[in-house]
Each structure stands twice: as C-alpha cells, then as structure tokens.
Amino acid sequence: MEYNIAVIKGDGIGPEVIAEATKVLDAIGSRFGHTFSYNYVLAGGEAIDETGRCLPPETVATAKASDAVLLGAVGGPKWDTLPGDERPERALLGLRKELGLFANLRPAMVFDELAEASPLKAELIDGGLDIVVVRELTGGIYFGEKGFKETEMGPAAYDVELYSEEEVRRIARVAFDMAMKRNKRVTSIDKANVLESSRLWRRVVTEVSAEYPEVELDHMYVDNGAMQLVRNPKHFDVIVTSNIFGDILSDEASQITGSIGMLPSASLTNGNFGMYEPVHGSAPDIAGTGKANPLATILSAGMMLRYTLGLAEEADAIDSAVRKFLNAGYRTADIYTPGTVSLTTTETGDKVASFI
Ligand code: NAD
C-alpha cells in the first residue's frame, strides 16, 4: 500500500528526530511492502521565518489531504520575544483546531531496561509500567467563555469549564476502544464532588461503559488520581480525563518514566485521522549536537501505523525494534548509564532500522 504522510520537521532537534523516524518507516516499507510518501510542510519558527506565519494555510491543506501528520517539535529562543499568538507553539493549537483533533493519547511507558531512570521506587514499577492518558483536547475550560468583571472584591477574571454530553461521549469511546486493545481497564478522573461539569462527565462515561461490558471502569477524583499515579501507578491502564486535568496528569505520568526522549503521543479525530509527535519540545540546548534521542519520534511513527493506518503488525515491529535496541545495551546521551553503549541520533536511527 502507499501512504501519504504530511511531515512537519519543525525547529531545534525536530528535523533531526524526524529524519530518524522516516528512516525507520522506510525500513518498515521495505520489509512489509509499503511505500510512505512524505509531504514536507512548514509550521512553527521555520514557517515564521519563511512565510511570516506560524501555520501557513498550505500546511493545513496538505495535512487534511494526507493520511496522517508526523511532527517533530516547534519553538526556540529565536522566537521567544514574539507576542503569544504569533509564537511558533501557536501552530500546534491551530493544527488541533483545524484538523479537529479532540483526543490526545499519551502512553507513559517505563521500559524494564530503563527502570532506574524513573524517580519512583523500584518496587512500584517492577516489571515495567504501561499507562495511556486519554485527554480531551478541544473543550473544557481552555475553550470556554472567559472574561473580566467587577465583583465586590474588586476586578476579577473567569474561565468557564463547559462540557457537552457529546464531547464526553466521544472521548469516552476513544478511551474504551483503547482499553479493549490493552488490559481492559479505564479510570475516569474528574472532580465530581465539587464540579457540575464533572458530575455530567461521570454520568456520561458510566453510560458509555455499558457499551463495553468487558472493560472494568472506576472513577477517581483528580486530587486522588494525582496521588495514586505516584503511589500505585500499576493501578492504571487507560486514564480518561478532561482537557485541564489531562494537561497536568499527562505531564505527571510522563515524568514517572524519567526519560522525556522516549515518550510518543497521538492526537486523533473521530475516525482514524491523527497527528503524531514526541512529547518533548525542540530542545534548542542540544540541537545539532547529535545528542537528541529520536526514539520518542520513532515510537510516535509506530503509533501512527497502529492507530491511523491500521498496520498493527508493522507497529509491533517498531516497538520490538526499540526494545531490541535497549536490550542490546545501546543508549542515547539522555539515557546513558555506565556499561552501556552511547550512540548519536543518526546511529540510533540506523540501529533501530536494522532491527526492523
Ligand atoms: P524540551 O522538551 O524541548 O527540553 C527539555 C529538556 O529535555 C532539555 O534539557 C532538552 O535537552 C531535553 N530533551 C528534550 N527532548 C529530548 C530528546 N529527544 N533527547 C534528549 N534530550 C531531550 O522543553 P523546553 O526546553 O521547555 O522547550 C524548548 C522549546 O520547545 C520551547 O520553545 C518550547 O515552547 C518548545 N516546545 C515545543 C513542543 C512541541 O512542539 N510539541 C512541546 C514542548 C515545548
């Protein structure tokens, strides 16, 4: 089969990690008989320099016409003095909105070989850890009505948390579908003891769970959820939560893995279309040094095969190549420990591709 992928290399280490991900995709193409065609488009700082806009309309048009989008990372000190809505990172919000990416999936995996990088005690993550946070991405308080008003306490500002039943239903289905492909457990995180919007959230998630009798559902208040993530992380399989709670909890979950260079992510629409990118930023401090870890982007490409292109065997081949890389004792600079073999960004891509 032939697949069209819109590719945004971005800034800083973005182009370096993307080059290794496409190298590994090409190895998948050779082994399984697929062709991946890359439509390179601009977004972020590079787009500002070349077109004056962080998200040129051609980028959106090409992304919409492609099977999926693969993105490196955007931003850097060169553009830090621009006003908020002209900064490179604004392109990400634009892409989510234009492409209707309402579900953000962030796996937080602790590979056994890298367990010592986790700040958690060994017994808490013994045997590895594998959690997916499914965060609602286009609703809630970040998109609700906001403004200023006078109160008896003086000038005040407000942001409204508003969720429709349909918004909750569709994100809940993403989480339950995901759980069906994994360990069949969903934890829904809300603040239903205080917030009306959370009570609606809890009711709708419970209704949707009736469509998935094989999946075990539990609910947690967000304060307890934040605590359980570091106290008993093995409790979790799939976490589903709102935009703001997901923003915070997905960062917490990723930190317990201890290695930001290893974490992939996906943002999905209804249907299969999605944008895939590493969790990390453009890491300007190491750009051009060969120290960037491309594994998060390579694993993101694997998620793209699994969730958008429906190529499960090919996706498994990427995950297994990354495991072989770690098992063989190879490391990038960020995850190096004495006794292992340190490789550059390019050497890492070559090795993983050779394990496909
Ligand atoms: P960052 O993730 O870029 O870097 C944080 C630290 O982690 C740095 O020390 C960096 O060297 C290291 N790091 C990150 N990725 C790595 C990798 N693949 N291999 C090895 N080490 C890695 O976060 P930051 O420094 O806060 O942000 C830098 C720029 O990236 C900013 O302009 C920020 O706005 C932008 N950013 C973009 C995205 C995105 O494009 N999705 C996400 C976060 C930050």
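The numbers here are math on the coordinates, done by the rules we state, and not lab data. The structure presented is a predicted model; accordingly, all values stated were derived computationally and were not measured. Quick reminder, even Gly has a Cβ in these numbers, built from the backbone with ideal geometry, and neighbours come from all protein chains shown.
Restricting attention to region 119-256, the count of lysine pairs at 8 or more positions apart or across chains with alpha carbons under 25 Å apart stands at 5. Distance from the Cα centroid of region 282-356 to that of region 155-170 is 38 Å (rounded to whole angstrom).
Counting only DSSP beta bridges with both residues in the chain, the antiparallel share comes to about 45 percent.
Say the cut-off is 25 Å between C-alpha atoms; which of Lys23/Lys324; Lys291/Lys324; Lys23/Lys97 go over it? The partial results should precede the final answer.
Details: Lys23/Lys324 17 Å; Lys291/Lys324 20 Å; Lys23/Lys97 29 Å.
Those over the limit are Lys23/Lys97.
Normalising the average separation of contacting C-alpha pairs (under 8 angstrom, six or more residues apart) by the number of residues puts the relative contact order of the chain at 22 percent.
Shape verdict for region 119-256, please, from the Cα gyration tensor: rounded (a/c under 1.5), prolate (a/b greater than b/c) or oblate.
oblate
DSSP finds beta bridges in region 119-256, and of those with both partners inside it, around 30 percent are antiparallel.
What is the distance in Å between the Cα centroid of region 71-132 and that of region 198-236? Cα centres, region 71-132 to region 198-236: 22 Å.
Here the Kirkwood formula puts the hydrodynamic radius of region 269-356 at 13.9 Å, using every distinct Cα pair.
Here the extension length gained between Asp112 and Glu86 equals 5.2 nm, from 0.36 nm per residue of separation less the Cα-Cα distance.
Averaging 1/r over every pair of different alpha carbons in the chain and inverting the result gives a Kirkwood radius of 21.0 Å. Each peptide among 110-121, 292-303 gets the average number of other Cβ atoms lying within 10 Å of its residues, and from highest to lowest they stand as 292-303, 110-121.
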